Amino acid sequence: MLKEILNQSTTEEFKRLYHGRGEKTYEFLTIDSINDILFVQFYENINETEILSEIKKYAPDKYKNIIIKRRYNNETFSLKGEIPQNATAVENGIKFKINFFNQNIGYFGDMKNSRAYIEKIAENKKVLNLFAYTCGFSLFARRGGAEFIANVDMSKSALSTGMTNHQINSLDIKNIAFWPYNILKAFAKLKRKAPYDIIIIDPPTHQKGSFIASKDYIKIIKKLPLLSHENTTVLACINSPKFTKEELIKITESNTAFKFQKQIPNPEEYTNSTLKSLIFS
Ligand SMILES: C[S@@+](CC[C@H](N)C(=O)[O-])C[C@H]1O[C@@H](n2cnc3c(N)ncnc32)[C@H](O)[C@@H]1O
């Protein structure tokens with residue numbers, strides 16, 4: 001099975017070769033093709049020695065580096081080549097700077113279709129990108145012609161990578177703001193540039209001390225009327241088996257005038273993903 005997984009056709013674009021979560025086999029494993037780097041993550045310490053020897057045996061020569069990350073203790077090591085310092089993941093031609101030593105490397109491939117959607121509707125729009133991380137949505141919004149973008153995230157280092165991401169793609173950062181705020185405490189500041197034409201909400205499910213979706217998501221939804229106008233589009237996302245699509249629709253429709261329009265499908269490689277990306281307007 002690993003032989004088949006590792007030998008799928010790839011391009012320089014990021015491709016999730018295996019998404020184990022929710023699968024019967026290797027549910028603790030993900031494998032990504034990042035240009036000429038094979039990136040393997042173990043979420044649990046199961047059959048590691050055996051799997052690593054199979055990977056070494058079957059990984060095609062096109063992979064110059066094979067990098068392993070143990071998510072359960074955040075160890076990163078190389079099975080082949082050095083750990084690259086200047087690697088990028090490419091999504092629809094846009095590059096994201098990668099740091100293999102961080103717990104999250106700087107790029108989430110499951111948002112690909114949602115970012116493509118934002119690019120399509122961004123022309124001349126004012127965009128609020130909440131929980132911006134490395135500013136992936138901002139890159140696509142700017143390529144799509146957005147006039148103003150505010151990227152908000154409490155992690156200064158994620159925003160700094162976000163700024164670099166614009167530069168390595170030759171995207172002008174004029175009229176792009178990088179606001180290092182705790183979103184739950186900064187509504188007054190977010191309001192200063194309101195109303196926005198597009199509002200993106202892509203929070204973590206459970207980040208201790210920062211954001212607990214089950215109690216905090218509704219606080220953001222309740223502020224939407226202050227940040228929007230009657231033609232604003234909202235992209236609201238959540239990646240959790242417990243927080244359902246129905247619940248997100250219910251808290252949005254019962255606290256605002258926004259109505260659910262459609263769900264953006266996840267990329268097909270992310271089988272069994274619990275990510276929901278919902279469009280409201
Ligand atoms: C799932 S990531 C967002 C992914 C991003 N939208 C993308 O497209 O790659 C979650 C982000 O939320 C940020 N975060 C968590 N709680 C926050 C809070 N209360 N205020 C601001 N940022 C927060 C984290 O720093 C992290 O960068």
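The values are calculated or read from the model by the stated rules, or taken from the named source; none is laboratory data. A quick note: this is a predicted structure, and the numbers were derived from the prediction, not measured. Note that we place each Cβ from the backbone using ideal geometry, even for glycine, and neighbour counts take in every protein chain shown. Please note that ligands, DNA and RNA were not included when accessible areas were found on the heavy atoms of the full protein model with its side chains. Shrake-Rupley method; radii C 1.70, N 1.55, O 1.52, S 1.80 Å.
When only residues in segment 1-36 that are of a type in the set (Val, Ile, Thr) and touching a strand residue (DSSP E or B) at 6+ places or on another chain (Cβ under 6 Å) count, which is surrounded by the fewest Cβ atoms within 10 Å (Cβ to Cβ)? I'd like the intermediate steps shown before the answer.
Filtering segment 1-36 down to residues of a type in the set (Val, Ile, Thr) leaves 5, 10-11, 25, 30-31, 34.
Now narrow it down to the ones that are touching a strand residue (DSSP E or B) at 6+ places or on another chain (Cβ under 6 Å): 5, 10, 30-31, 34.
Details: Ile5: 15, Thr10: 18, Thr30: 20, Ile31: 23, Ile34: 26.
Per the criteria, the residue is Ile5.
What pairs come up if the first residue lies in segment 187-206 and is without any contact (Cβ under 8 Å) to a residue 24 or more places away in the chain, the second is in a loop (DSSP other than H, G, I, E, B), and their beta carbons are under 7 Å apart, counting only those six or more places apart or on different chains?
If the second residue must be in a loop (DSSP other than H, G, I, E, B), the pairs left are Lys189/Tyr181.
Within the group Lys120, Lys112, Lys62, which residue is loosely packed, with under 13 Cβ neighbours inside 10 Å and either acidic (Asp, Glu) or in a helix (DSSP H, G or I) (or both)? Steps first, please.
On the way: Lys112 fails: loosely packed, with under 13 Cβ neighbours inside 10 Å; Lys62 fails: either acidic (Asp, Glu) or in a helix (DSSP H, G or I) (or both).
Being loosely packed, with under 13 Cβ neighbours inside 10 Å and either acidic (Asp, Glu) or in a helix (DSSP H, G or I) (or both) holds for just one of Lys120, Lys112, Lys62, which is Lys120.
Please identify the pairs in which a residue from segment 70-93 that is under 14 Å from Asp36 (Cα atoms) has its Cβ atom under 6 Å from the Cβ atom of a residue that is small (Gly, Ala, Ser), counting only partners at least 6 apart or on another chain.
none
Of the residues Ser138, Ser160, only one is open to solvent by 50 Å² or more (accessible area, probe 1.4 Å), in the same structural domain as Tyr196 (by TED's automatic domain parsing), more than 19 Å from Pro267 (Cβ to Cβ) and out of contact with any Ser or Thr (no Cβ under 6 Å at 6 or more places or on another chain); which? Please lay out each step first, then the result.
On the way: Ser138 fails: open to solvent by 50 Å² or more (accessible area, probe 1.4 Å).
Among Ser138, Ser160, only Ser160 is open to solvent by 50 Å² or more (accessible area, probe 1.4 Å), in the same structural domain as Tyr196 (by TED's automatic domain parsing), more than 19 Å from Pro267 (Cβ to Cβ) and out of contact with any Ser or Thr (no Cβ under 6 Å at 6 or more places or on another chain).
Can you pull out the helices (runs of 4 or more DSSP H) entirely within segment 167-281 that have at least 3 residues that are among the polar types (S, T, N, Q) and either modelled with pLDDT of 95 or more or within 15 Å of the ligand (Cβ to nearest atom) (or both)? Please lay out each step first, then the result.
Working: elements: 187-191, 213-227, 245-255.
Helices (runs of 4 or more DSSP H) meeting the threshold: 245-255.
Anything in segment 97-132 that is near the ligand (Cβ under 10 Å from one of its atoms), touching an Asp or Glu at 6+ places or on another chain (Cβ under 6 Å) and on the phi > 0 side of the Ramachandran plot? List them, or say none.
Matches in segment 97-132: Phe131 only.
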